[in-house]
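Before any comments, here is the structure.
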Amino acid sequence: MTSTLLPPAPAPAPGIDADAAQLVLDIEHYLAARTRTTAHPLVTKTTAELVAEALGTTGPATAPAPELPGRVLRILPDWVLRFPIVRHRHGGSRPVTVAEHLELTALVIERYGWAQGAHRTTTGRRCILGAQAVLYRLGMGDDTTVATAGQHLQDVLTARGCTSTYAAWNDHPDRTRHDVLALIREAAKAAS
């Protein structure tokens, strides 16, 4: 059985915020909890799912989502997150699924706060695109992942009869943080 415990986060380098190191650690824990570990590549259920099925319990055991830090990281200019030393210290290029990218987008908005009319505010609050940018610049997904995630968001809106882009939808005066998080989670569920 494979353990999902991660080694402790490395001490931050001088000039690198401890919150940024914690953000990466939380993302690593989130991704590790979502990793499917099976005994054989043809087995599609995890050991926990098989045990739950055998015992007649409902659904697989899931780990709670990580608490993302943010104080200094969220107010840094986004371009800082592209520096190789920052990306390397904070997860490097990490492949994530579209569903994981969307779930992490929701976590960034929950932790940093939600914004309208700008990708980010001076206090670090983010709109949907701004939250996706944080993950992209930290290497949590590539161009294709982000584009596909955006298409899933757009598909959910289209199914609701909305013709606006998800960025314009985010900025609508009647929109709420709850509406935005619900949209992202619905798109993540569709992407699963």
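The values are calculated or read from the model by the stated rules, or taken from the named source; none is laboratory data. Quantities reported herein were computed from a predicted structural model and do not represent experimental measurements. Cβ atoms come from the backbone with ideal geometry, glycine included; neighbour counts cover every protein chain shown. With ligands, DNA and RNA removed, areas are computed over all heavy atoms of the protein, side chains included. Shrake-Rupley method; radii C 1.70, N 1.55, O 1.52, S 1.80 Å.
Things to note:
- Legend: residues 55, 129, sorted from most to least accessible area (1.4 Å probe; ligands, DNA and RNA excluded), read 55, 129.
- The heavy atoms of residue 171 offer some 70 square angstrom of accessible surface to a 1.4 angstrom probe.
- Here's how it looks for residue 164: its modeled amide H is under 5 Å from none belonging to a residue 5 or more places away or on a different chain.
- Trypsin sites (Lys or Arg not before Pro) restricted to region 122-192 and DSSP loop, no more than 13 other C-beta within 10 Å: 160
- Under the Karplus curve 6.51 cos²θ - 1.76 cosθ + 1.60, θ = phi - 60°, whole-Hz ³J(HN,Hα) for region 24-29, x wherever Gly or Pro sits: 5, 4, 5, 5, 4, 5
- Amide H contacts under 5 Å for residue 140, placed H, 5+ residues apart: 94
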